[in-house]
Amino acid sequence: VPVDRDAIRRGHTLSEFSAAAQELGFDTEAIEAAREALALLTPESDLRGCAAVGMRLGSMLCARGAYEDAAAAFRLAIRAVDLGFFSRLDTEGREVDMRSAGNVYRWASFAIAQAGDPLEAALVLETGSARELRRRVASLDQAKKLDAIPAGLRDEYEQSAHMLAAAPFGAMSADAARRLQ
């Protein structure tokens, strides 16, 4: 079988194979494919692809207790997320990037702490928390832009934005976040 010479396409194919193998319970094959994909989908070559496969590989390695390798995968994912965030000039694009980053900062912080670097873990966690806080506070400001919609919907949005802003970080805020969306 000939090897695909397009590194990005090959990286995406390997990433998709990794996800399918993981879903089927072939964890060793999933990890191997994700490692190869991450070597091709770097922060410099494909931000979103790198973030996605780095997150998946880091999660799989954490589940195995391979925290140093997991931390390395998460570091690449965070580098990709950060590069995407800081390359945006518009606030709305940054908001989209913050939402798409998901829990990568929390998982990365966990893996990095388990790998033995609590200071770096704290800094990673703080970066993610600051971005989440920014997203929540920004949702309060959005209510001012909703003057053109019916009062009942605007009131519901404002109430939802305040609930999310007051909710604790983590899984406990899921209902408030869903309501706002």
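Listing for the model above:
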{"quantity": "Estimated distance in nm for a label pair at GLU23 and ALA166, the labels positioned 7 Å out from Cα along Cα-to-Cβ", "calculated": "4.0"}
{"quantity": "Efficiency of FRET from Cβ geometry, ARG64 and ASP117, R₀ 22 Å, rounded to 0.05", "calculated": "0.70"}
{"quantity": "Solvent exposure of segment 17-56 as accessible area per residue, Å², 1.4 Å probe", "calculated": "51"}
{"quantity": "Label-point gap, in nm, between GLU156 and ASN103 - each point 7 angstrom along Cα→Cβ", "calculated": "2.9"}
{"quantity": "Difference of contour (0.36 nm per residue) and Cα-Cα distance, SER45 to ILE149", "calculated": "33.3 nm"}
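The values are calculated or read from the model by the stated rules, or taken from the named source; none is laboratory data. The structure presented is a predicted model; accordingly, all values stated were derived computationally and were not measured. Neighbour counts are summed over all protein chains in view; Cβ atoms, including those assigned to glycine, are modelled from backbone coordinates with ideal geometry. When the accessible area is computed, the model is the full protein with side chains, heavy atoms only, and any ligands, DNA or RNA have been set aside. Shrake-Rupley method; radii C 1.70, N 1.55, O 1.52, S 1.80 Å.
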